[in-house]
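The structure under discussion appears below in the form of structure tokens.
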Amino acid sequence: MNVSCISLLTDFGLCDEYVGVMKGVIASINPHASVIDICHNIAPQNIVQAAYMLWFSHKYFPENTVHVAIVDPGVGTNRRIIALKANGYFFLAPDNGILTLIINNYKCLPVCLTESKYYLSRVSSTFHGRDIFAPVAAHLSKSRQLSQFGETISTHQLAKISDIHPIKKEGQLVGKVIMTDHFGNLITNISQQDLHPKLYCSTIIHINDDISIQGISDNYMQVQKGNVLGIIGSKGLLEISISSGNARRELGIENGCPISVIQNKALTN
């Protein structure tokens, strides 16, 4: 087995030295590893956003990539750090729900990290990214076996996000905004698989009980400039957008805002 790629997904931002130092630790242990940034602008402590971004990103990497996901409000507590293998990839993350979608969709082999010999010699209570995650990822990328890093546990023992998927309620599909991209598009947890494509034209989307959108558009220019629209984005999730505009700024909507969708066959008759 030759693991040579490590991805990094964090809420560390790029204003501080945190990401660079992690890369320095990795390079010191495995200078041949290719380290690729997925994103470091996850909203602080937003585990749901991290879970979805990890899910939609991981499969575009080479087999045996070590995916490191760190959004860790519980750093320094007795929360566990988990390494697991799933679908030909390795994942390394705090046990706080970041791995929910991986666990839900793949057969997994999880290990609870307990072998401190793979950590740095001094471990800070506030920067496990540098002192634990980076060195463990580097050692793992040098083709070591998961069992060398700790104790095998069951996936049933892992923390999971309970409300990560939308729910059906009174004839509606109820979800929420989980993240906003650089363009201000509001990305929801309602997936393409949750919707019936033949009913896109008659679909009604309600946002926060005060904004309604008729239909799901095929592209951003299908409505007039400045109008609000619903669209299935590249992640396969329903997005709320403004044609040639910024939906987050212009609508004043933040993560967690409720979104409900009605797809009624009677409306097409």
Inset, instruction - Could you list, in sequence order, all residues of the stretch 57-82 that are more than 22 Å from Pro44 (Cα to Cα), of a type outside the set (S, T, N, Q) and buried (at least 18 other Cβ atoms within 10 Å of the Cβ)? - result: Phe61, Val66
Inset, instruction - Counting only residues that are under 30 Å from Ile82 (Cα atoms) and within 23 Å of the chain's Cα centre (by Cα), give me the strands (runs of 3 or more DSSP E) lying completely in the stretch 152-269 with at least 3 of them. - result: 172-180, 186-191
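Taking the stated definitions as given, is Leu92 under 16 Å from Ser7 (Cβ atoms), in contact with a strand residue (DSSP E or B) (Cβ under 6 Å, 6 or more places away or on another chain) and modelled with pLDDT of 95 or more?
yes
Restricting attention to the stretch 60-95, report how many residues are out of contact with any Gly (no Cβ under 6 Å at 6 or more places or on another chain) and over 20 Å from Ser143 (Cα atoms).
13
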Inset, instruction - Would you tally the residues in the stretch 2-16 being in contact with a helix residue (DSSP H, G or I) (Cβ under 9 Å, 6 or more places away or on another chain) and of a type in the set (D, E, K, R)? - result: 1
Inset, instruction - Restrict the check to the stretch 228-251 and report whether at least one residue is without any contact (Cβ under 8 Å) to a residue 12 or more places away in the chain, of a type outside the set (S, T, N, Q) and outside the structural domain of Ile47 (by TED's automatic domain parsing). - result: no
Inset, instruction - Name every residue in the stretch 107-129 that is over 15 Å from Asn78 (Cα atoms), loosely packed, with under 15 Cβ neighbours inside 10 Å and small (Gly, Ala, Ser), in order of residue number. - result: Ser121
Inset, instruction - Among what's in the stretch 95-120 and is touching a strand residue (DSSP E or B) at 6+ places or on another chain (Cβ under 8 Å) and among the hydroxyl-bearing types (Ser, Thr, Tyr), pick the residue that is nearest to Asp131 (Cα to Cα). - result: Thr114
Inset, instruction - Of the numbered conditions (1) touching a strand residue (DSSP E or B) at 6+ places or on another chain (Cβ under 7 Å); (2) over 21 Å from Ala33 (Cα atoms); (3) modelled with pLDDT of 95 or more, Ile164 fails exactly one; give the number of that condition. - result: (3)
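The values are calculated or read from the model by the stated rules, or taken from the named source; none is laboratory data. This is a predicted model, so every value here is computed, not measured. Cβ atoms come from the backbone with ideal geometry, glycine included; neighbour counts cover every protein chain shown.
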